[in-house]
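Peer 1: There's a structure below that I have some questions on.
Nothing in this text is a laboratory measurement; each read-out follows from the coordinates by a stated rule. Treat the numbers as computed from the prediction; the structure is a model and nothing was measured.
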Amino acid sequence: MLRLRVSTRFSLIILLFCFLNVAVHCKTLKRDGDFSIYRISVGIHVKALNEIKASLGWRVVYAWVGDDPCGDGDLPAWSGVTCSTQGDYRVVTELEVYAVSIVGPFPTAVTNLLDLTRLDLHNNKLTGPIPPQIGRLKRLKILNLRWNKLQDVIPPEIGELKKLTHLYLSFNSFKGEIPRELANLPELQYLHLHQNRFIGRIPPELGTLQNLRHLDVGDNHLVGTIRELIRIEGCFPALRNLYLNNNYLTGGIPAQLANLTNLEILYLSRNKMSGIVPLGLAHIPKLTYLYLDHNQFSGRIPDAFYKHPYLKELYIEGNTFKPGVNPIGIHKVLELTDSDLLF
């Protein structure tokens, strides 16, 4: 992933100005039929850009040379921009502007870049909601908005991004329930909703996502039981990592959880769960990390867990297990980097 390295910020205005076809001199255009849309929406674009301008300050990014973000003659494309050729025009297909302290609301005008396949604005200071216009980006595969200050509910229109494979919304202040419309994303592989303010139950409809490998809803205010989450027959067929930690989940670990045979990480720490640990979990072939700590589990850990060929860590602190139950390995916080997930 190409990180946008900047020492200054003002030229982001020019960058977005050019992307959105507001500047007459930009050679990178969208489709032939977009000129009527362009004329109608210029006022909206200018308003959005003025808001961005007011927050970015006066400095200039010297690496962005020329008028065309896709490159002009001997000039290369601007840092953080990837373009492709469609017919007679070059279009912006990837926009990665992250860790440059963008302040203010999500730039709604970006949703006019209909050819985007990757939009990465993570680690900025964006506020407010994700606009419902996000549903216009029908070609989007990767949406990374983590580490911002976004809030409000996730718009149901996000379920219109049928080609989305990676969705990163962690470390924001989203609220409300996790939208069931996320189950309408057939290609989704990675869903990160960690550390927000979500309430209610995790939609069991997510289990119908045939390609979902990683589900992280940790550090929210979610309630319900795992039994409710996996109630759909044949659910989560590809799931490898399930992070449910730091919520308000109750009930026990259902034996049916062992049907998730691809599971490698099960993170249940710091909930209000109880009961015994079912033997079936020890027969999940590649289970590697099992975190049960700080719940109300009781009884014994079946011996099969201690003989499991892949299990590296079994963390059990803060429960009421019987004497003689021991942890496996050394507890550590499991964190995955962007590069671990994008390739």
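Peer 1: Just how many pairs of Lys in segment 80-315 have C-alpha atoms closer than 18 Å, counting pairs that are eight or more places apart or on different chains?
Peer 2: For segment 80-315, qualifying lysine pairs total 9.
Peer 1: Label segment 181-264 by shape, choosing from rounded, prolate and oblate, from the square roots a ≥ b ≥ c of the eigenvalues of the Cα gyration tensor; if a/c is under 1.5 it is rounded, and otherwise prolate applies when a/b is larger than b/c, oblate when it is not. Before the final figure, lay out the partial values.
Peer 2: Values: a/c = 1.56, a/b = 1.14, b/c = 1.37.
Oblate is the answer for segment 181-264, as a/c is 1.5 or above yet b/c matches or exceeds a/b.
Peer 1: Under a 5 Å amide H to amide H cut-off, with H placed in plane at 1.01 Å, what residues pair with LEU263 once short-range neighbours are removed?
Peer 2: For LEU263, no residues qualify.
Peer 1: Which whole-Hz ³J(HN,Hα) couplings does segment 272-284 yield from phi under the Karplus relation 6.51 cos²θ - 1.76 cosθ + 1.60, θ = phi - 60°, glycine and proline marked x?
Peer 2: Coupling constants for segment 272-284: 10, 7, 8, x, 9, 8, x, 4, x, 4, 5, 9, 5 Hz.
Peer 1: Taking N as the number of residues in segment 80-315, what is its alpha-carbon radius of gyration divided by 2.2 N^0.38 Å? All intermediate terms of the calculation are to be shown ahead of the outcome.
Peer 2: On the way: Rg = 19.3 Å, N = 236, 2.2 N^0.38 = 17.5 Å.
It is 1.10.
Peer 1: Of the DSSP beta bridges with both residues in segment 80-315, give the percent that are antiparallel, rounding to the nearest 5. Write out the running numbers ahead of the final one.
Peer 2: On the way: 6 of 48 bridges.
Beta bridges within segment 80-315, antiparallel portion: roughly 10 percent.
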